[in-house]
Every structure is written in structure tokens, then in C-alpha cells.
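Notes to accompany the following structure.
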Amino acid sequence: MYDHHHCPPMRHRPIVYPVQHCVQDNYFVENMDHIHPSHLTIQNHHLLNNYHYFPHTVSYTNDYNVENHYMPQGVEPQGYNWMDQQMNQMPMEMPQGQMNPMQQFPMPFNWQDE
């Protein structure tokens, strides 16, 4: 087909056509974990009722101011019979000759206390 005696055929530049774009679709199933953290705070509310009690007691005291007035021996208050007062205070149930020690005759002046 080709004769060696003739000139070689002339080569032309190649004609390049635009790229034909083909798409092949491949489908895959994939799993992706999505983590959405949450937090629950349980807040308890308390009402504390304080009941205050004030127990109160009452006590009594008696204060005495004592004054001793010593009268000369033999002097009695006007209109006062010392022996009659003592006789009225003596118990009747006591045997004759015995005296109740709680009701002894008070001495108006005790010389031993000085």
C-alpha cells in the first residue's frame, strides 16, 4: 500500500476533540453518630419554718432590812404588857412545867451578843 518509491504520506497533526466527561454514580450507606449531650439539674426548694418559744418562769425574792433597837432593861412600850402577850401564845396542850422551845420568851436585850 505503500510504495517505497513514492514519498511517504504526509502526516497531519492529530485532531484532538474535547474531553468527553462521563459520570459514574456510586452509592454507599454510611452511619454517622451525632451526640447531643444534655444535663438535668433537679433543684429542691425547702421552706423551713422556725418556731421560737420563750418559756418564762417567775420567781420571787424578799429582802428585809433589819434594824435592832435596844431599849434599856425594864422599859416596855406604852400600853404593852409583855407577860400577857407571852401567856396568850403558850400552847394549852403542853404539860404543866414544860415550855415549847419554839415559843421561848424573847429577850429584849441579849448581853451575850455584844
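Any read-out appearing in this document is the output of simple, stated calculations on the displayed coordinates, not a laboratory observation. Bear in mind that the values here come from a model prediction, so they are computed numbers and not experimental data. When we count neighbours, we look across all protein chains shown, and the Cβ atoms used for this are built from the backbone with ideal geometry, even at glycine.
Quick one: if you stick a label point 7 Å off each Cα along the C-beta vector at His52 and Met87, how many nm between them?
The two pseudo-label positions are separated by 6.8 nm.
Compactness ratio of the range 13-73: Cα Rg over 2.2 N^0.38 Å, N = residue count? Don't skip to the answer; put the middle values down first.
Values: Rg = 53.3 Å, N = 61, 2.2 N^0.38 = 10.5 Å.
Cα Rg divided by the expected 2.2 N^0.38 Å: 5.08.
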